[in-house]
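Every number in this text was worked out from the coordinates using simple rules, so none of it is lab data. Since this is a predicted model, take the numbers as computed values, not measurements. Neighbour counts are summed over all protein chains in view; Cβ atoms, including those assigned to glycine, are modelled from backbone coordinates with ideal geometry.
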Amino acid sequence: MSMQDFSIQTKAKDQSYIAALPRVAIQAFCETADVSSAMQAASGDRRMDKTHLKVQMGGAAAAAESYRYSPTPNVIILESVNGRDEILGHLDTLAEVCDAGTKVVVIGHINDVVLYRELVRRGVSEYLIAPITTIEIVRALSELFAAPDAEPVGRTIAVVGTRGGVGASTVAHNIGYAIGRQLNIETVIADLDLPFGTGGLDFNQDPLQGIADAVFAPDRLDANLLDRLTSACGEHLNLLAAPATLDRLYDFAETSFDNVIELLQSSVPAIVLDVPHMWTGWTRRLMVGADQIVIVASPDLASLRNAKNMLDVFRQARQHDAKPLLVMNMVGVPKRPEIAVAEFGKTLDLAVSAVLNFDPALFGAASNNGQMIAEIQARSKPAETLLELARLVTGRSEARSQKKSLLAPLLLKFSKKKA
Ligand SMILES: Nc1ncnc2c1ncn2[C@@H]1O[C@H](COP(=O)(O)OP(=O)(O)OP(=O)(O)O)[C@@H](O)[C@H]1O
Ligand SMILES: [Mg+2]
């Protein structure tokens, strides 16, 4: 291709191509009917199909109010008809309740260089000037995620057991449920136990396709196929189910899951990996590459030894990452001699993040009914523990007081054409 062709192509692309948005939550707080209706219309654009866009009136004041006690979405859009000082004041208030990773887009009514500069300094992702058309909104939102320097939206959480049958899948599914259905963060649970996985049973789904089609057809795999392979388990929660059939063998190369994970990370904010209890090239790679590892252990000697060995590998391979979270499960089986939880954590030199007691009635009912613990007993101790774990792995449990400066480190993407 000649240089000339190249420049024509990029130009055409710049002007017309708008990438579809990933599965993200967006909330707009408008002040004028015009912006509000352009925003409503944007939600009907095909590129916005996967997003959850909520539009309301009330501007910055409404925004600050609604996030005082609830987590912020992936993107907040604020319209303000005010002047520079009011806009900046509103942003500072919002920064106090804004979670890390939330992008903020401001739609203002004034063209003011000092304002632009201050917005950039505060980490605002984009400033748009009203009046604004629907397609301009779609383009601006798309660019937040499609820009080459944009961070991948998805965070992978690998859940693994120290032995077979310690409840790793149960914990993975319940954490996934809590992230998606209770924290309202779009989530995919990937059941990586292809021959025996219980994701389909636990969520009462009987999908014909699922993760097998994704890993066995790497050439055909793209965002559309992956979308068809995931089954919805209610709003914000999706399952990439295991076939759980034995008509083929499941021998995978170390990198077999790379494509699936990469695609998921480019389109879904939370990805829970239900990693089967085995030590192969691909399971180790998934765990070592995860944003967060959750180790589920039962209070016995074999689990302690295996946990220690796993932690040694992770400490070595993930020197600059957060430590794995340790979840003790099935604690307090009647008559069973157990290693005390405190002792277990001390031996591993790792704080125990959560303890789930042995509760065969509750957990048994959940697995027999194809339901999650929170669906059976939302106010039970284990349901609360699992929800807290969901907050921990998504970084949603930081104290509000720490939120103050969180707008600052956001990726800056300043609309140069307007500066
Ligand atoms: N805290 C608990 N109390 C009682 N039963 C539990 C508890 N946690 C899990 N179970 C039950 O233990 C069984 C095994 O759980 P699960 O399939 O999640 O384990 P796993 O570690 O993923 O096993 P595998 O190694 O086969 O993948 C399930 O029937 C589940 O309902
Ligand atoms: Mg399992």
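Scan the chain and report its longest stretch carrying no chymotrypsin sites (Phe, Trp or Tyr not before Pro) that are both in a DSSP loop and have at most 11 other Cβ atoms within 10 Å. Spell out each step's value before the answer.
Working: sites that count: 17, 69.
The longest such stretch corresponds to 70-419.
Give the order of 261, 157 when sorted by the count of other beta carbons within 10 angstrom, beginning with the fewest.
Numbers: 261 18, 157 27.
Going from least to most buried by this count: 261, 157.
Give me the percent of Cα-Cα pairs in the range 155-394 that sit more than 31 Å apart, rounded to a whole number.
Details: 5089 of 28680 pairs.
Roughly 18 percent, once rounded to a whole number.
Quick one: what does P(r) look like for the range 19-150 with 10 Å bins over all Cα pairs, in whole %?
With 10 Å bins starting at 0, P(r) equals 13, 49, 35, 4.
Among DSSP beta bridges whose residues both lie in the range 155-394, state the antiparallel percentage, nearest 5. Provide the component values of the computation, followed by the final result.
On the way: 2 of 29 bridges.
For the range 155-394, the DSSP antiparallel bridge percentage is about 5.
Write out the trypsin sites (Lys or Arg not before Pro) in the range 64-118 meeting two conditions: DSSP loop, and at most 12 other Cβ atoms within 10 Å of their Cβ.
Numbers: sites: 68, 84, 103, 117; in loops: 68.
Filter output for the range 64-118: 68.
Taking every pair of Cα atoms in the range 101-191, average 1/r, invert it to obtain the Kirkwood radius, and report Rg/Rh to two decimals. Present the calculation step by step, with values, prior to reporting the outcome.
Working: Rg = 19.7 Å, Rh = 16.7 Å.
Dividing the radius of gyration by the Kirkwood radius yields 1.19.
Using the Cα centre of the chain as the reference point, and only Cβ charges (+1 on K/R, -1 on D/E), how large is the resulting charge dipole? Debye, rounded to the nearest 20. Write down the numbers at each step before the final one.
Working: 41 positive and 48 negative charges, 144 e Å.
With Lys and Arg at +1 and Asp and Glu at -1, about 700 debye.
List the trypsin sites (Lys or Arg not before Pro) within the range 296-379 that DSSP assigns to loop and that have no more than 13 neighbouring Cβ atoms inside 10 Å.
On the way: sites: 305, 308, 315, 318, 335, 346, 379; in loops: 318, 335, 379.
Here the trypsin sites (Lys or Arg not before Pro) that fit, given the DSSP loop and packing criteria, are 335, 379.
Below 14 Å, Cα to Cα, which aspartates and glutamates can residue 50 reach? Residues fewer than 8 away in the same chain don't count.
The reachable aspartates and glutamates, counting only those whose Cα sits under 14 Å from residue 50, are 186, 227, 235.
Tell me which of 272, 296, 165 sits at the most positive position along the dipole axis of the chain, charges placed on C-beta atoms (Lys, Arg +1; Asp, Glu -1).
296
In the chain, what % of DSSP beta bridges are antiparallel (nearest 5)?
5 percent
Does the range 284-382 classify as rounded, prolate or oblate by the C-alpha gyration tensor (a ≥ b ≥ c root eigenvalues; a/c under 1.5 gives rounded; else a/b over b/c gives prolate, otherwise oblate)? Display every interim value, and only then the final one.
Working: a/c = 2.40, a/b = 1.48, b/c = 1.63.
Verdict is oblate for the range 284-382.
Which one, 382, 97, 367, is farthest towards the positive end of the dipole of the chain when Lys and Arg carry +1 and Asp and Glu -1 on their Cβ?
Ranked along the dipole, the leading option is 97.
What length, rounded to one decimal in nm, is gained on full extension from residue 224 through to residue 57, with 0.36 nm per residue of separation minus their alpha-carbon distance?
On the way: separation 167, 0.36 × 167 = 60.12 nm, distance 3.37 nm.
Length difference between fully extended and current span is 56.7 nm.
Can you pull out the trypsin sites (Lys or Arg not before Pro) in the range 200-258 that DSSP calls coil and that have at most 13 other Cβ atoms within 10 Å?
Details: sites: 220, 228, 248; in loops: 220, 248.
Within the range 200-258, the qualifying trypsin sites (Lys or Arg not before Pro) (loop, at most 13 other Cβ atoms within 10 Å) are 220, 248.
Output needed for the chain: three equivalent-ellipsoid semi-axes, defined as square roots of 5 times the C-alpha gyration tensor eigenvalues, in descending order, whole Å. Kindly include the intermediate steps, with their values, before the conclusion.
Working: eigenvalues 331, 128, 78 Å².
So the equivalent ellipsoid measures 41, 25, 20 Å along its semi-axes.
Suppose we flag GluC sites (Glu not before Pro) only when DSSP calls them loop and at most 15 other Cβ atoms lie within 10 Å. Which is the longest uninterrupted stretch of the chain? Write out the running numbers ahead of the final one.
Numbers: sites that count: 235, 254, 398.
The reported range is 1-234.
Cα to Cα, under 14 Å, and not fewer than 8 places away if on the same chain: which aspartates and glutamates meet these conditions relative to residue 381?
359
In what order do 341, 159, 294, 260 fall by count of nearby beta-carbon atoms within 10 Å, going from fewest to most? Please report the intermediate quantities before stating the final value.
On the way: 341 16, 159 31, 294 27, 260 21.
Neighbour counts put them in this order, fewest first: 341, 260, 294, 159.
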